[in-house]
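Every number in this text was worked out from the coordinates using simple rules, so none of it is lab data. Everything numeric here is computed off the predicted structure, so don't read it as measured data. Here Cβ is always computed from backbone atoms with ideal geometry, including for glycine, and neighbour counts include all displayed protein chains.
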Amino acid sequence: MKATKMKSELALVVGASGTVGGDLLRRLQTLGLRTRATTSKRGNLGDGQVHVDLVTGEGIKEAFEGADRAFLLSPPGYANQHALLSPLIQEAKRRGLKKVVLMTAIGVDANEASPFRKAELELEKSGLNYNIIRPNWFMQNFNTFWIQGINAQNKILLPAGTAKTSFIDARDISAVAANLLVSEELNNQAFNLTGPEALDHDQVAAQISNVTNRKIEYVEIQPSELKMGLLAGGLPEDYAELLLILFGFLREGYNAAVTSDVQKIMGRSPLSFTQYTNDFKKSWN
Ligand SMILES: NC(=O)c1ccc[n+]([C@@H]2O[C@H](COP(=O)([O-])OP(=O)(O)OC[C@H]3O[C@@H](n4cnc5c(N)ncnc54)[C@H](OP(=O)(O)O)[C@@H]3O)[C@@H](O)[C@H]2O)c1
């Protein structure tokens, strides 16, 4: 797309304060687009921010006012992602957006009845130009969700077995999302996004040890122990159960395959785990 044309366009980013959405917002601004960022928070909103609560549907219609393109995600913590995403897809359709990029998760297309897959199908049938991106487990989980065990006990405590996972750097996800959002070349396709290699959790622990000069260990725990921790951390039971199912797939090796989709879209290799640990080493203090 020509830069001059892009400058007049407005891109709506759902989940814009999150790991993927925050970086995506910056990339779209760098490309010259006008952006609108959703937040479920209220009160003093920043420039270009709008209040949207995906649980109640509040603010969705207003958020799409004048938007040309939109990036959609369902926040973590909600097991019925279709219920949250469907009103967004309907509004995008009603407004006839030029392009929608939806982020789900790797493997969701294995079950046509899964809530994420239902959202994908709704978008596919909407008649809108779209892309679906299905990332594998994020590298950034180790400096967010799993950080407490690493920093407090020098341990990665997960029911991950010995299987390998082709973790992806979230910065590659946002780079891909930005590219797809402003281009029509790869319209109406889904992409499975992975990193360049598959690592098991011992290898992950070794790589974090390298940059922290501490001995970080992977300790396999029972799914029930993870569930207790997730519930204690305030996650709803149905989402905790969903995560346990996802760890079951991971343990069986379903998350190990490496795809070439980042290369196809970006024309470069995905970022490595070594790059990630170097860039995020300050997180593990
Ligand atoms: N982590 C992984 O390994 C992984 C792997 C594959 C797929 N995924 C998918 O990636 C998505 C998460 O992406 P992420 O990590 O970038 O998210 P994130 O960092 O957790 O950010 C979530 C965003 O959602 C917003 N939000 C929270 N509650 C909301 C509500 N009720 N209404 C509207 N917005 C709300 C938050 O902003 P405010 O607080 O400002 O509202 C925040 O910007 C999920 O759909 C997950 O299934 C994750």
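Which trypsin sites (Lys or Arg not before Pro) does region 1-69 hold that lie in a coil by DSSP with at most 15 other beta carbons within 10 Å? Intermediate values should be presented prior to the final figure.
On the way: sites: K2, K5, K7, R26, R27, R34, R36, K41, R42, K61, R69; in loops: K2, K41, R42.
Within region 1-69, the qualifying trypsin sites (Lys or Arg not before Pro) (loop, at most 15 other Cβ atoms within 10 Å) are K2, K41, R42.
Specify the angular offset, from 0 to 90 degrees and rounded to the nearest 10, of the alpha carbon long axis of helix 115-124 from the longest principal axis of the alpha carbons in the chain.
The angle comes out near 30 degrees.
Using the Cα atoms of region 1-130, I'd like the radius of gyration and the largest Cα-Cα distance, Dmax, both in angstrom.
Considering region 1-130 through its Cα atoms, Rg and Dmax are 14.2, 42 Å.
Past the 31 Å Cα-Cα mark, which pairs from K41/K282; K93/K227; K61/K282; K61/K227; K61/K118?
Details: K41/K282 28 Å; K93/K227 38 Å; K61/K282 40 Å; K61/K227 36 Å; K61/K118 21 Å.
Long pairs (Cα-Cα over 31 Å): K93/K227; K61/K282; K61/K227.
Which residues does the label zone of L246 cover in region 163-195, counting backbone N under 16 Å from a point 7 Å along Cα→Cβ?
Label zone hits: 165-171, 173-174, 192-195.
Can you give the extra length, in nm with one decimal, that the chain gains between N210 and S183 once fully stretched, where that is 0.36 nm per residue apart less the Cα-Cα distance? Walk me through the numbers before you get to the answer.
Working: separation 27, 0.36 × 27 = 9.72 nm, distance 3.91 nm.
This chain segment gains 5.8 nm when fully extended.
Contour minus end-to-end for S260 and E237, with contour as 0.36 nm per residue of separation and end-to-end as the Cα-Cα distance?
Going from the current span to full extension adds 4.8 nm.
I'd like the GluC sites (Glu not before Pro) in region 75-144 restricted to DSSP loop residues with at most 11 other Cβ atoms within 10 Å, sorted by number.
Numbers: sites: E91, E112, E120, E122, E124; in loops: E112.
Taking region 75-144 and a limit of 11 other Cβ atoms within 10 Å, the loop GluC sites (Glu not before Pro) found are E112.
At 0.36 nm per residue, and after removing the present C-alpha to C-alpha distance, how many nm does the segment from D53 to R34 gain when stretched out fully?
On the way: separation 19, 0.36 × 19 = 6.84 nm, distance 2.18 nm.
Full extension of this stretch gives 4.7 nm more.
Among rounded, prolate and oblate, which fits region 180-284 when a ≥ b ≥ c are the square roots of the eigenvalues of its C-alpha gyration tensor, a/c under 1.5 means rounded, and a/b larger than b/c means prolate?
Working: a/c = 2.08, a/b = 1.29, b/c = 1.61.
Oblate.
Would you compute the Debye intensity of the chain from its alpha-carbon atoms alone, equal scatterers and no solvent, and pass along log10 I(q)/I(0) at q = 0.11, 0.13, 0.15, 0.16 Å⁻¹ to two decimals?
Log-scaled intensity ratios, in q order: -0.65, -0.91, -1.20, -1.35.
In region 106-135, which trypsin sites (Lys or Arg not before Pro) fall in coil by DSSP and have 14 or fewer other Cβ atoms within 10 Å? Write down the numbers at each step before the final one.
Values: sites: R117, K118, K125; in loops: K125.
When the trypsin sites (Lys or Arg not before Pro) of region 106-135 are filtered for loop state and at most 14 Cβ neighbours within 10 Å, K125 remain.
Relative to the longest principal axis of the C-alpha atoms of the chain, give the angle of the C-alpha long axis of helix 201-212, reported between 0 and 90° and rounded to the nearest 10°.
Here the helix axis deviates by roughly 90 degrees.
Run lengths n ≥ 4 of DSSP H only: what is the helix-derived mean residue ellipticity at 222 nm for the chain, with -39500 (n - 2.57) per run over all residues, to the nearest 500?
Working: 12 runs with 116 residues, N = 285.
The helix-only estimate for the chain comes to -12000 deg cm²/dmol at 222 nm.
Could you work out how far helix 81-95 tilts from the main Cα principal axis of the chain, as a 0 to 90 degree angle to the nearest 10?
20
According to a simple spin-label model (label point 7 Å from Cα along Cα-to-Cβ), what is the distance in nm between K281 and S17?
If labels sit at S17 and K281, their model points lie 3.1 nm apart.
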